[in-house]
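Heads up, the thing below is written out as structure tokens.
All of the numbers you see were taken from the coordinates with simple rules; none came from a lab. Owing to the predicted nature of the structure, the values given are computational and were not obtained by experimental measurement. All Cβ positions, glycine included, derive from the backbone under ideal geometry; neighbour counts span all protein chains shown.
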Amino acid sequence: MTEKIEPGGRRRGGGRAARIALHQATTGNEAVHGGLAGGRYKPLSTSDIESIHRAALTVLEQTGLADHFPELLDLVLPKGAILNAHDRLCFPRTLMEDVLSKAAREYYVHARGDRAGKDDMHCSAESVYFANSGTAVTTFDAKTKSFRPSDLRDIYDFTRLVDKLDNIHMLGATVLATDVKDDFAHDMNMVYAMLSASQKPACLAFRDRSHIPHAIRMFDLASGGEGSFLKKPSVVFGGCPIVSPLRIGRENMEILIDTATLGLTVDLAVPPQAGATAPATLAGTLVQAVAETLACVAIANLIRPGCPVSFSAWPFITDLRSGSFTGGSGEQALIGAAAVQMGNFYGLPTSVGAGMTDAKLPDAQYGLEKALTFSLAAHAGANRVCEFGGMLGSLMGCSFESMVIDNEAGGMILRSLRGIEVTDETMAVDVIHSCAIDPGHFLGNPHTLSFMNSEFVYPQLMDRERTDTWENEGKVDLLERAHDSAHAILGSHFPNYFAAADAQVREEFPILLGAADMQRMRS
């Protein structure tokens, strides 16, 4: 077969592409998996943790939360919460200590269909998973290097891409359907687009509490029939119930109330921004983030004791020169890891935002910021490292190319989490002796072959070729390789996991995503 050379010198059909195809056929993702243990990175000392804990409890006891509403007060005041002289909802120290002693230490998020069991997530004891989220309002076009408004089709396309990426373990709405204006239609179409495109566990946020029963009906249709979702929940319910500093966001708090009442996993994100909606000092922002997060943990547990809740303190950083959010700074990586460490101190399941690069495309800045924030969050032991795949421009945009790059980065980070297993077999003293004497190398040795796939992660996008090979094969950069990889999936993988239930879904809900459109690339 003659190798095809495209304009610009890029080779197709042979060379490096053929070697990659052969490599993919012979090596899998055997060296890593979701749920590997983190927790080795601890930026806070024991005394630091105790000091932040005491300070956070003081804030909850003396300052408390503003903007409460009657329904919430009726639920928590009889259980020990109080209103202070400033009419703020406060949580006495003894109440918080009691809540924390009884709070759930783990939860499961189940996969559906063929993925059930093997792709379930067990959020406990510093087990690390990579989770998508973000709700960016734009999608990156790699050809024009510009951003366009994201739409409903993008939600389906991003999700079906993630369906094929092993190192992204949880679905999330990476973009908003800006073309769907009605709130109910938006939420139902968002759910439909995601559940049709993948059976991985998911985290979803809703615009109004009244949408939750309708969503559960759709979850049932995706999971096997009426009542099936509540038996093995495959979705956790997100939102931002706190508006920093120390105010309640009613719409998302109402969703927290309903989720807790049902006994489903309460997920949340508490994002005070240092220097803007929180103190400029990292320690001060951390105290406020911990206090705001613990308030949500307390409310959920006062509504339903033992309700599974994520400790989701997501402190953000402000570039005080401009007042803008910066997602890729060293300070962001540091404080995110410290927030995870605080959640681990309480023994609660954790999540944190990471990978929120300020870069506008996958360049050197992108790589530096993503690697730093991803790695520190994972090594701190976040159960869910969120905002994981594809995010660009301080969460304003998402990219198909970035999604596949981040998936590959995830494998490398998971390998660093796994560490080095030290046994007699892996230390290989006898193998060293034998190979050193003859033939003088380890290539082809049975020991080498037996560990080839379990010891190493083999990248598919990162270029490890010689420089002259790279030049001869067209000088293709990472963005080009990622574009080819993403669009190879998007051009061939068109799932609809609702299967026979799809007609019922379309009959009951205002589904805007055409069935025919789900079987072809977008124009």
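Going through the cross-link list K200/K232; K42/K232; K118/K232, which pairs have a Cα-Cα distance over 24 Å in this structure?
In this structure, K42/K232 lie more than 24 Å apart at Cα.
Want the number for E508 to F456: 0.36 nm per residue separation, take away the alpha-carbon distance, what's left?
13.9 nm
From the phi angles alone, apply the Karplus equation (6.51, -1.76, 1.60; θ = phi - 60°) to region 113-119 and give each ³J(HN,Hα) in whole Hz, x where the residue is Gly or Pro.
Ordered by residue, 3J(HN,Hα) equals x, 5, 8, 4, x, 6, 10 Hz.
Compute the distance in nm between two label points, each set 7 Å from the Cα along the Cα-to-Cβ direction, one at L368 and one at S324.
With each label point 7 Å from Cα toward Cβ, the separation is 1.7 nm.
For a Förster distance of 51 Å, can you work out the FRET efficiency between the beta-carbons of T281 and E421, rounded to the nearest 0.05?
0.80
Identify which of the listed values of Cα extents along the principal axes in Å was calculated from the structure shown: (i) 85, 60, 41; (ii) 80, 60, 48; (iii) 91, 53, 42.
Computed from these coordinates, Cα extents along the principal axes in Å corresponds to label (ii).
With +1 assigned to the C-beta of every Lys and Arg and -1 to the C-beta of every Asp and Glu, and no other charges, what is the dipole magnitude of region 163-204 about the Cα centre in debye, to the nearest 20?
With only Lys, Arg, Asp and Glu charged at Cβ, the dipole is about 140 debye.
Putting +1 on Lys and Arg Cβ atoms and -1 on Asp and Glu Cβ atoms, find which of A295, T178, Q341 reaches farthest to the positive end of the dipole of region 107-418.
Positive-end residue among those listed: Q341.
How would you classify region 107-418 from its alpha-carbon gyration tensor, with a ≥ b ≥ c the square roots of the eigenvalues: rounded for a/c under 1.5, else prolate if a/b is greater than b/c, otherwise oblate?
Here region 107-418 falls in the rounded category.
Quick one: go through region 508-523 and flag any residue whose amide nitrogen is under 13 Å from the point 7 Å out along the Cα-to-Cβ line of H214.
Label zone hits: 508-512.
Mind giving me the nanometre distance, one decimal, between the label points for L443 and D98, set 7 Å out from Cα along Cα→Cβ?
7.0
Looking at the square roots a ≥ b ≥ c of the eigenvalues of the Cα gyration tensor of region 258-302, which shape do they give, rounded for a/c under 1.5, prolate if a/b is larger than b/c, or oblate?
Because a/c hits 1.5 or more and a/b exceeds b/c, region 258-302 counts as prolate.
Quick one: angle between helix 212-223 and the longest Cα principal axis of the chain, in degrees between 0 and 90, rounded to 10, please.
30
Where both partners of a DSSP beta bridge lie in the chain, what percent of those bridges are antiparallel, to the nearest 5?
50
Counting helices only, and only those DSSP H runs with n ≥ 4, report the 222 nm mean residue ellipticity of the chain as the sum of -39,500 (n - 2.57) divided by its residues, in deg cm²/dmol to the nearest 500.
Only helices count here, giving -13500 deg cm²/dmol.
Between helix 330-346 and the chain, what is the angle of the helix's C-alpha long axis to the longest principal axis, kept within 0 to 90° and rounded to the nearest 10?
For helix 330-346, the angle is close to 60 degrees.
Full extension from H86 to T261: what is 0.36 nm times the residue separation minus their Cα-Cα distance, to one decimal in nm?
60.1 nm
Amide H of E126 versus every other amide H placed in the peptide plane: which residues, excluding those fewer than 5 positions away on the same chain, fall under 5 Å?
Sorted by chain and number, the residues that satisfy this come to none at all.
Explain nothing, just compute: Karplus ³J(HN,Hα) = 6.51 cos²θ - 1.76 cosθ + 1.60, θ = phi - 60°, for every residue of region 142-153 in order, whole Hz, x for Gly and Pro.
5, 5, 9, 6, 9, 10, 10, x, 6, 9, 4, 4
Residues with amide H under 5 Å of I317's amide H, sequence separation 5 or more or different chain, H placed in the peptide plane at 1.01 Å from N; which?
A274, T326
How far apart, in nm, are two points set 7 Å out from the Cα along the Cα-to-Cβ line at A500 and at R54?
Result for the modelled spin labels: 6.4 nm.
Mind checking the dipole of the chain: about its Cα centre, +1 per Lys or Arg Cβ, -1 per Asp or Glu Cβ, Debye to the nearest 20?
That gives the chain a dipole magnitude of about 240 debye.
Quote the charge dipole size of region 443-523 about the Cα centre in Debye, to the nearest 20; the model charges only the Cβ of Lys and Arg (+1) and of Asp and Glu (-1).
The calculated dipole for region 443-523 is roughly 120 debye.
When a/c reaches 1.5 or more, the comparison of a/b and b/c decides; with that in mind, is region 67-149 rounded, prolate or oblate per its Cα gyration tensor?
It is oblate, given that a/c is not under 1.5 and a/b is not larger than b/c.
Read phi for every residue in region 464-476 and hand back ³J(HN,Hα) as whole Hz from Karplus 6.51 cos²θ - 1.76 cosθ + 1.60, θ = phi - 60°, with x for Gly and Pro.
10, 6, 5, 4, 5, 5, 4, 5, 5, 9, x, 6, 6
If you average the alpha carbon positions of region 225-263 and of region 319-358, how far apart do those two centres end up, in angstrom?
22
Quick check: Cα centre of region 438-464 to Cα centre of region 72-105, how many Å?
Region 438-464 and region 72-105 have Cα centres separated by 56 Å.
Could you pull out every residue, at least 5 positions away or on a different chain, whose amide H is within less than 5 Å of the one on A136? Hs are placed 1.01 Å off N in the peptide plane, and Pro or chain starts have none.
V175, L176
Considering the dipole of region 107-418 built from charges on the beta carbon (Lys and Arg +1, Asp and Glu -1) around the Cα centre, which of A260, G330, H122 is farthest to its positive end?
Sorting the options by dipole projection puts first H122.
Projecting each Cα onto the charge dipole of the chain (Lys/Arg +1, Asp/Glu -1 at the beta carbon, about the Cα centre), which of L100, S450, S312 comes out farthest on the positive side?
After comparing all options, I get S312.
If one takes the longest principal axis of the Cα atoms in the chain, at what angle in degrees, from 0 to 90 and to the nearest 10, does the Cα axis of helix 250-262 lie?
The two axes meet at around 80 degrees.
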